[in-house]
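**Student:** Take a look at this one; I'll ask things after.
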Amino acid sequence: MPSPYEVVLGDAFDDLHPRLRAYFGEIPPGSVGRGRGTFDRVGTPMRWLWPVLAVLARQGIAFAVWEQQVPFEVENHSTEGDAHAAPHHPTVSAIRTFHFRKSQRQMIDAITLEKAPDGGLVLVDHLGPRRYLSAQLHMTVRDGALDMRSTKTTRMTVRVGRRHIRIPALIAPTVTLTERFDNATERQHVSVVLAVPGLGRIYEYAGFFEYAITAESHGGTFG
């Protein structure tokens, strides 16, 4: 079954670098995508933001740190039957494990396809195991790389109880994610930036990693 990325990108999916097509494409039943690498940097040097990030850390969304050379692993799963997703479309869930100097923390998110007001389908990223933050993402393929971003015209919501309340565009954070494959190093590169109107960049992580689709029962990352 096509992944959420394949459905939304349509013919543009073929313009991705072949290694990115493997990353964003369908994860076959009984398989899982596993990656391992190092983030050049994680967090923000603006320590006055750390109390806010500490709250997000409890939800598996962001962390109150500013560290370099952080080892990490990522594990991607494809599932069906998600209550948020459009019928007959899979959800891609990711668990990213960060090995900080003093602790190991996990960031969790789920990518779904959901119905737009115009009847089409949009890509939505739900952040945290309880999905307290959700953001619609617009995707663009450039030179084989994939850019995903929320904008003032897309929708970002926060969960309050059982309700999902839209954050006004004037104060809504924007998320920018770029995935590319570096032929020189034979590794994938990811860059994520969270920005807030009036403050600019408040959180980021970026680095290189290797990735492969393996049997779900296979405990290792590669080989």
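**Student:** So for the chain, taking the charge dipole from beta-carbon charges (+1 Lys/Arg, -1 Asp/Glu), which of LEU16, THR91, HIS164 sits furthest toward the positive end?
**Tutor:** Towards the positive end, the residue furthest out is HIS164.
**Student:** How much FRET efficiency would the formula 1/(1 + (r/R0)^6) give for GLU73 and LYS115, where r is the Cβ-Cβ distance and R0 is 41 Å, rounded to 0.05?
**Tutor:** Working: r = 33 Å, r/R0 = 0.81.
Computed FRET efficiency for GLU73 and LYS115: 0.80.
**Student:** Remind me, relative contact order of the chain in percent, using alpha carbon pairs under 8 angstrom and six or more residues apart? It would help to have the intermediate numbers written out before the result.
**Tutor:** Numbers: 524 pairs, mean separation 47.4, N = 223.
Once normalised by length, the contact order is 21 percent.
**Student:** Can you list the GluC sites (Glu not before Pro) in region 115-223 that are in a DSSP coil and have 15 or fewer other beta carbons within 10 angstrom?
**Tutor:** Numbers: sites: GLU179, GLU186, GLU204, GLU210, GLU216; in loops: GLU186, GLU216.
Hits after loop and neighbour filter: GLU186, GLU216.
**Student:** Just to be sure I understand the model, the point goes 7 Å from the Cα along the line to the Cβ. What's the resulting ARG201 to LEU170 distance in nm?
**Tutor:** 2.8 nm
**Student:** With the full set of protein chains in place, find how many percent of the accessible area of the chain is carbon and sulfur; take the probe as 1.4 Å. Present the calculation step by step, with values, prior to reporting the outcome.
**Tutor:** Numbers: 6110 of 11570 Å².
Carbon-and-sulfur percentage of accessible area, whole number: 53.
**Student:** Return, for the Cα atoms of region 2-128, the radius of gyration and Dmax in Å, separated by a comma.
**Tutor:** 16.5, 48
**Student:** When the chain is fully extended, how far beyond the present Cα-Cα distance does TRP66 get from ASP143, taking 0.36 nm per residue of separation? Before the final figure, lay out each step's value.
**Tutor:** Numbers: separation 77, 0.36 × 77 = 27.72 nm, distance 3.07 nm.
Fully extending the segment from TRP66 to ASP143 adds 24.6 nm.
**Student:** Taking the Cα centre of region 1-157 as origin and charging only Cβ (+1 Lys, Arg; -1 Asp, Glu), how large is the dipole, in debye to the nearest 20?
**Tutor:** Values: 18 positive and 17 negative charges, 191 e Å.
I would put it at about 920 debye.
**Student:** State log₁₀ I(q)/I(0) for the chain at q = 0.07, 0.08, 0.16, 0.17 Å⁻¹ as given by the Debye formula over alpha-carbon point scatterers of equal weight, solvent excluded.
**Tutor:** Normalising to I(0) and taking log10 leaves -0.21, -0.27, -1.23, -1.41.
**Student:** Could you give the accessible area per residue of the chain, probe 1.4 Å, as a whole number in Å²?
**Tutor:** Using a 1.4 Å probe on heavy atoms only, each residue of the chain averages 52 Å².
**Student:** What's the longest bit of the chain with no exposed trypsin sites (Lys or Arg not before Pro), using DSSP loop states and at most 15 other Cβ atoms within 10 Å as the test? Walk me through the numbers on the way to the answer.
**Tutor:** Details: sites that count: ARG58, ARG101, LYS102, ARG130, LYS152, ARG162.
In the chain, the maximal stretch lacking such sites is 163-223.
**Student:** Return the distance in nm (one decimal) between the two label points of a simple spin-label model at SER217 and ALA184, each offset 7 Å from Cα along Cα→Cβ.
**Tutor:** Each label point lies 7 Å from its Cα, and together they span 4.3 nm.
**Student:** Mean projection of the alpha-carbon convex hull of region 67-199 over all orientations, in nm²? If you can, show how the numbers build up before the last one.
**Tutor:** Working: hull surface 41.7 nm².
Averaged projected area of region 67-199's Cα convex hull equals 10.4 nm².
The values are calculated or read from the model by the stated rules, or taken from the named source; none is laboratory data. Here the structure is a predicted model, which means the values were calculated and not measured. Neighbour counts are summed over all protein chains in view; Cβ atoms, including those assigned to glycine, are modelled from backbone coordinates with ideal geometry. Calculation scope for accessible area: heavy atoms of the full protein, side chains included, ligands and nucleic acids excluded. Shrake-Rupley method; radii C 1.70, N 1.55, O 1.52, S 1.80 Å.
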